[in-house]
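**Student:** The structure follows.
The values are calculated or read from the model by the stated rules, or taken from the named source; none is laboratory data. In this text the structure is predicted, and so the values were computed from the model without any measurement. Don't worry about glycine lacking a Cβ; one is built from the backbone with ideal geometry, like all the others, and counts go over all protein chains shown. We work out accessible area using only protein heavy atoms, side chains counted, and drop any ligands, DNA or RNA first. Shrake-Rupley method; radii C 1.70, N 1.55, O 1.52, S 1.80 Å.
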Protein chains: 2
Amino acid sequence: MNAPRRRSDAAENRARIIETARTVIANSDELRLNAIAKQAGVGQGTLYRHFPTRDDLLAEVYRNDVEQLVAAAPAFLAEHEPLKALACWFNRVADYARIKRGVFAAVETAVWRDLSAHSLGPIGDAVTMLLAAGKADGTIRADVDARDVILLIGYLSRLDETEWDTRARHLLSIVLDGLRRRE
Amino acid sequence: MNAPRRRSDAAENRARIIETARTVIANSDELRLNAIAKQAGVGQGTLYRHFPTRDDLLAEVYRNDVEQLVAAAPAFLAEHEPLKALACWFNRVADYARIKRGVFAAVETAVWRDLSAHSLGPIGDAVTMLLAAGKADGTIRADVDARDVILLIGYLSRLDETEWDTRARHLLSIVLDGLRRRE
DNA sequence: ACCTGAACACCGTTCAAGT
DNA sequence: ACCTGAACACCGTTCAAGT
C-alpha cells in the first residue's frame, strides 16, 4: 500500500517540488508550474509525473494546514458549546485564509472534488461534526449541511488584503447568525 | 459627450462584437477573445480598440441585465416591507445568476472596480438603498453595507448547475437571516 | 523506473502596415 | 480615424530520447 520503491531520487524530487511550491506561494500567491519545475531543478515532465493535476500539488502543499484545521474541530467541541465551537473554528479558518490565501481555495476544491466521490473530504467531515453538535443542541438550524457552510464562507478567498480587517470576521459573525435556529 | 464621428463601420463593428460575445456566452459560458473577434469578422486589434479590457466587454454584454436588476430595487421597496423587498431582490438576482452565469461575475467585478473609485456602482447603490430602508425600519442590522451583501451572495457564481435547485434560494434565506437585526 | 527539456497547443495582447 | 492579422509573449502539457 505504501513504501514505494526506487525512492532515492524520486522521493527527493517530489519533496523538493512541494517545498519550492510552498515557498513560491508564500511569497507571491501565484503558481506557474513551469517556473516551479525549473526552480526545483527538475524537468516539467517530472512535476507532472508526481502531480498529474494542479490540485494534486496544491493539496500536498496545504496538507498540513488542512489537517490542523480538521483536528481543531473536535478540540473546540470539547471545550465549548457547539455554537461557540463553530465560531472558534470559523476564526481559525479566517486565520489560515489570511496568511495563506491558497489554503481556502485548496479546501474548496478538495471538498468539491470529494463531493462527487460521495464523501465530503476531511474538511467537510469537520464541518458536519460541528453542525451536528449544534443541531442536537438546538442552537443551529436543522436544514444546513457542510456544503452550505463552505459556500457561505467562500468569500474569504475573494477578500482583498485591504478590507480583511473590516470584513473577514464581521461577515463570519453574520453567517453564524444565519445558521442559528430562529427563535 | 456622445454622438461619436465616423461611426458607420466602427459602430457596426462594436455592435457585432457585443452581439457575438453575448451569443457565445449564452451557449458556452467561455469567452475567448480571439474567437470572438474572428466570429464577429473583425481583427483582434479592433476588439481591443473598442474594449481595452475583458471587463469592458462583459460590462457591455450585461449592461441591460444589470440595469434591470438595479431598477427592481425601488420597485420592490414600493410594494413590500424592506426585509421582504430585499428577499424579493435576492430572488431576482438568483434568477439572473442561474440563466446567465456571467451576470453575477460581471456584477461583482463592476462593483469591485467602482469601489476603488469611491463609488459603489449601480448595483451597489441598489443594495445600499434596500439596506437603508431595512435599517430605518429596524429589521436589518445596522452594521452591514452593500459590499458585505455582495460578498455573501457571491457563492451564486460558484454554484454548480446540479446543486442550484437545492442550494441557491436556501442559502439566500440563510444570508437574509444573518442580516436581520437580532432579537 | 525515472528524468529531461524541446516542442506543441492555446490565448491574450501588441503594433506595423494598410485603407 | 479605423481596421487587419502576423507576430510576440506566456503557460500549461506532452512525449521521444536519454539514464
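**Student:** Once both labels are modelled 7 Å past Cα along the beta-carbon direction, what's the A:Arg98-B:Arg182 spacing in nm?
**Tutor:** The modelled label-to-label distance comes out at 2.1 nm.
**Student:** Given the rotation relating B and A, tell me which residue in B puts its Cβ closest to the axis and the distance in Å.
**Tutor:** In chain B, the Cβ lying nearest the symmetry axis toward A is B:Gly178, 2.
**Student:** Sequence gap of 8 or more, or different chains, plus Cα separation below 24 Å: how many lysine pairs satisfy both in the protein assembly as shown?
**Tutor:** 4
**Student:** Using Cα springs under 10 Å in a Gaussian network model of chain A, which residue among A:Ile153, A:Ile17, A:Ile99 shows the largest mean-square fluctuation?
**Tutor:** Maximum fluctuation in the GNM of chain A, among the listed residues, is at A:Ile99.
**Student:** Using only the alpha-carbon atoms of chain B, report the extent along each of the three principal axes, biggest first, to the nearest angstrom.
**Tutor:** Largest to smallest, the principal-axis extents are 61, 43, 29 Å.
**Student:** Could I ask something else about it? Kindly give the distances from A:Leu31 to its copy-mates, label point to label point, with each label point 7 Å from Cα along Cα→Cβ, as nm values to one decimal ordered shortest first.
**Tutor:** Computed spacing set for this position: 2.6 nm.
**Student:** Which residue, B:Gly154, B:Gly45, B:Gly124, has the most motion in a Gaussian network model of chain B that connects Cα atoms within less than 10 Å?
**Tutor:** Highest fluctuation of the listed residues: B:Gly45.
**Student:** Give me the angle, in degrees from 0 to 90, between the Cα long axis of helix B:101-115 and the longest principal axis of the Cα atoms of chain B, rounded to the nearest 10.
**Tutor:** The answer is roughly 80 degrees.
**Student:** Here's another thing I want to ask about it. When Cβ neighbours within 10 Å are restricted to other protein chains, what is their mean count per residue of peptide B:138-146?
**Tutor:** Going residue by residue through B:138-146 and averaging, the value is 1.
**Student:** Next question, about the same structure. Just need the Rg to Rh number for the protein assembly as shown, please, alpha carbons only, Kirkwood Rh.
**Tutor:** The Rg/Rh ratio comes out at 1.01.
**Student:** Under 5 Å between amide hydrogens, which residues at least 5 positions from B:Arg181 or on another chain qualify, with H placed 1.01 Å from N in the peptide plane?
**Tutor:** B:Ile140, B:Arg141
**Student:** What angle do you read, to the nearest 10 degrees and between 0 and 90, between the alpha-carbon axis of helix B:121-137 and the longest principal axis of chain B?
**Tutor:** 10
**Student:** Restricting things to Cα coordinates, could you compute the convex hull volume per residue of region A:18-62 in Å³?
**Tutor:** Taking only Cα atoms, region A:18-62 has a hull volume of 60 Å³ per residue.
**Student:** Using only protein heavy atoms and a 1.4 Å probe, report how much of B:Arg54 is accessible, in Å² to the nearest 10.
**Tutor:** Near enough 110 Å² of accessible area.
**Student:** From zero outward in steps of 10 Å, how is the percent of C-alpha pairs of region A:126-183 spread across the bins?
**Tutor:** Reading upward from the zero bin: 22, 48, 24, 6.
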